[in-house]
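See structure below.
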Amino acid sequence: MRRRTKLDSLRKRIDKIDEKFIDLLAQRLELARDIAKIKKRAGKAILDEEREREVINRARKRATEKKIDPDFVESLLRLTISQTVGAEREQMGEAGMWVEVQRAFVGHPAQLNVAHLLLRYGLRVQENGEIACGNMRIPAVQVAKEAGVDRRVVDATARTILKNEKLKKIFSNLQPVMYLKGVAHQLKLGVVEILPVDATVPGIISEVSNTISKFGISIRQAIADDPYFVAQPKLTIITDKPLIGDVIEALRKLPSVRSVVVY
């Protein structure tokens, strides 16, 4: 009984740390949006490679001091930086078609959240305004719960989409896809995310797949974000086994790759 009490106590402490961690991430993203506003007014580019290197090097040094694997910390931080850059790009209007979606929902941030959710899960809007996954109807209340909004916001989002011909053509034809990332570890597969220098440049998938194949590793799945819908697109590669250090280093040396995040 005493062991159970101690275990519960430790888990509660972890839960509190997780909450603080998420709160700090939210603060970081908000600061990124503020920085984007300043950069936009000054006409500066979003990416600052020198600044990014400083952040990564400082994090690796700090991780070593705290006796944490610096590679793990670097992967975690690169993923955070990627999300931060995405927030900055959205603020500066560099997310292609996503900007069009944002314009359609100006003044309605809750509806924009729903639209973002539909795109992420490949949920389509039917002619009658209902949400569907393929041909299966998804109750608006479930979509609302996931988006953190009232169900009426989901209905309003659907109406906004159906009134806009450009958005209607997109959201009425979305399809879901089986994604192995969530079960990769259970299946003993490898997962790596590639953050490209410029996702609109041709040949990124070819470069990455050729590099991985040289090490005798097979790719089970490749999912690429659309650079015209996602502010910070990435290429997620699922391999038949976890990638070793040599493969990761080879990927990082590719001219089309900005950073590599390993799970």
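Observations on the model:
- Conditions (1) among the small types (Gly, Ala, Ser); (2) in a helix (DSSP H, G or I); (3) assigned by TED's automatic domain parsing to the domain that holds Gln102: number failed by Ser209: (3)
- Helices (runs of 4 or more DSSP H) contained entirely in the stretch 87-198, each with at least 3 residues that are under 21 Å from Lys234 (Cα atoms): 97-104, 109-121
- Filtering Pro176, Pro255 for residues that are surrounded by fewer than 18 Cβ atoms within 10 Å (Cβ to Cβ), over 21 Å from the mean Cα position of the chain (by Cα) and in contact (Cβ under 8 Å) with a residue 40 or more places away in the chain leaves a single hit, Pro255.
- Summed over the stretch 222-249, the residues that are without any contact (Cβ under 8 Å) to a residue 40 or more places away in the chain, surrounded by fewer than 17 Cβ atoms within 10 Å (Cβ to Cβ) and among the hydrophobic types (A, V, I, L, M, F, W, C) give a count of 2.
The values are calculated or read from the model by the stated rules, or taken from the named source; none is laboratory data. On a predicted model such as this, the values are computed, not experimentally measured, just so you know. Cβ sites come from the backbone with ideal geometry, for glycine too, and all protein chains shown count toward neighbours.
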